[in-house]
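*Asks:* I'd like to ask you about the structure that follows.
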Amino acid sequence: MNLVPVLREQIAFAHNYTARLIDHVPAEDWFRRPTEGVTHVAWEVGHIAFAQYRLALERIRGRRPGDAELISDEFVAQFGAKSVPDPDPARNPSVAEIRGVFQRVHQQVLDELLELPEAALDEPVSKPHPLLTNKRGSLLWCAAHEMMHAGQIGLLRRLLGHAPLW
């Protein structure tokens, strides 16, 4: 059995679940934090896009010249692993920009996974990561990582007064 389509399906499932959650968050709530020092929806979505790029593209095939069109270095700095959510909309990309990167990166991942040979899954990743050593692990963590952040978005939605979605 070829595992690549299963991994692709898991990544798509997580993305679609997240997209459903954020489709029901009004733009005016994207930068709201329920309490000081807590994250916000905009950061969560930007971080998911950043992580999907790193886990399912950069660590699988390395960085490519066209990647700056998918996700800029500024975006990576704003939403990267060591970044801190900034609640000021003026110091963030717009909701439309964040959603655009979220969608572009995801579509590129789906497109490139169509061409990934199963034998590549056992290859080491191109950039070290503390939780994984090979491409299979990177793709598995990509889907799991997004679901973890989707849970945070779900909790933020509730704390901001929105009804749960199932």
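The values are calculated or read from the model by the stated rules, or taken from the named source; none is laboratory data. Small disclaimer: the values here were computed from a predicted structure and weren't measured. Glycine gets a Cβ as well: all are built from the backbone with ideal geometry, and neighbour counts include every protein chain shown.
*Asks:* Going through region 86-102 one residue at a time, which ones are of a type outside the set (Asp, Glu) and without any contact (Cβ under 8 Å) to a residue 24 or more places away in the chain?
*Replies:* 90, 91, 94, 96, 100 - these are the residues of region 86-102 that are of a type outside the set (Asp, Glu) and without any contact (Cβ under 8 Å) to a residue 24 or more places away in the chain.
*Asks:* How many residues are closer than 17 Å to residue 11 by Cα, of a type outside the set (Asp, Glu) and more than 17 Å from the chain's Cα centre (by Cα) if we restrict to region 88-116?
*Replies:* 2
*Asks:* How many residues does region 133-166 contain that are outside any helix (DSSP H, G or I), closer than 28 Å to residue 38 by Cβ and either in contact with a strand residue (DSSP E or B) (Cβ under 9 Å, 6 or more places away or on another chain) or of a type in the set (Phe, Trp, Tyr) (or both)?
*Replies:* 1
*Asks:* Same structure, new question: Taking residue 37 and the conditions (1) in contact with a His (Cβ under 6 Å, 6 or more places away or on another chain); (2) on the phi > 0 side of the Ramachandran plot, which numbered condition does it fall short on, given that it satisfies the others?
*Replies:* (1)
*Asks:* Hey, another quick one. Of the numbered conditions (1) at pLDDT below 95; (2) touching an Asp or Glu at 6+ places or on another chain (Cβ under 8 Å), residue 18 satisfies every one except a single condition; which is it?
*Replies:* Unmet condition: (1).
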